[in-house]
1. Filter segment 1-50 down to the residues that are at pLDDT below 85, within 19 Å of residue 116 (Cβ to Cβ), surrounded by fewer than 21 Cβ atoms within 10 Å (Cβ to Cβ) and touching a helix residue (DSSP H, G or I) at 6+ places or on another chain (Cβ under 9 Å) and list them by number.
2. Listed residues 155, 67; which is buried (at least 17 other Cβ atoms within 10 Å of the Cβ), in contact with a strand residue (DSSP E or B) (Cβ under 8 Å, 6 or more places away or on another chain), closer than 21 Å to residue 20 by Cβ and modelled with pLDDT under 95?
3. Has segment 94-103 got at least one residue that is surrounded by fewer than 22 Cβ atoms within 10 Å (Cβ to Cβ), farther than 24 Å from residue 149 by Cα and either at pLDDT 85 or above or touching a helix residue (DSSP H, G or I) at 6+ places or on another chain (Cβ under 7 Å) (or both)?
4. Determine whether residue 89 is in contact with a strand residue (DSSP E or B) (Cβ under 9 Å, 6 or more places away or on another chain), in a loop (DSSP other than H, G, I, E, B) and at pLDDT 90 or above.
5. Of the residues 138, 169, only one is under 13 Å from residue 95 (Cβ atoms) and either modelled with pLDDT of 95 or more or more than 17 Å from the chain's Cα centre (by Cα) (or both); which?
6. The conditions are (1) in contact with a helix residue (DSSP H, G or I) (Cβ under 9 Å, 6 or more places away or on another chain); (2) surrounded by fewer than 17 Cβ atoms within 10 Å (Cβ to Cβ), and residue 134 fails exactly one of them. Which is it?
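The values are calculated or read from the model by the stated rules, or taken from the named source; none is laboratory data. The structure presented is a predicted model; accordingly, all values stated were derived computationally and were not measured. Positions of Cβ are backbone-derived with ideal geometry, glycine not excepted, and every protein chain shown enters the neighbour counts.
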């Protein structure tokens, strides 16, 4: 890995999983650069894709904070269309929702090969290893027919900072990397990323629309329910 290379990743999942808290934690514990002035918000809900830029000692990052509400699923495709990695956030108390599975399916469809299942709010379940294992096993079972090359599950508490940038003493049973440790070291070969040269499909510039994302939006029929991802 070259020093200070650039990693695009997206954070997605269902409603109230803690995306804003996680992004805020990552920004506070790294070196934020600047925000996207076009980030759209309505009544505190992310309705468009909000891009954040930060750096660590190993890499530069662009993170897409994608909408989690079902009616804005098309905008989730926008943020995913240029990502190398998807961070799929799950509430440890709730497990996998239909929208969680839908976002995983779309990430696979958009050519993302590396997924992190961030099981958040572990502090609210007493950092229970069995709860974490149950959720991660269920996701791996669901994702078997998808095109992911690697799935890494990380138990985190975005609010408290457990396993975000520093290993947590509350999860002695977990031997994997922190979330930031994963993002700093995941190997992404540009030639292996199907959408490497695509631009976000929500771009306002003529001709700058991701053809793959546009194709996905036309044929998934997400708002009409004519076609659904497997198992959702």
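1. Within segment 1-50, 1, 30 qualify.
2. Unique residue meeting the criteria: 67.
3. yes
4. Numbers: in contact with a strand residue (DSSP E or B) (Cβ under 9 Å, 6 or more places away or on another chain): yes; in a loop (DSSP other than H, G, I, E, B): no; at pLDDT 90 or above: yes.
So residue 89 does not fit the description; no.
5. Values: 169 fails: under 13 Å from residue 95 (Cβ atoms).
Exactly one residue qualifies, and that residue is 138.
6. (1)
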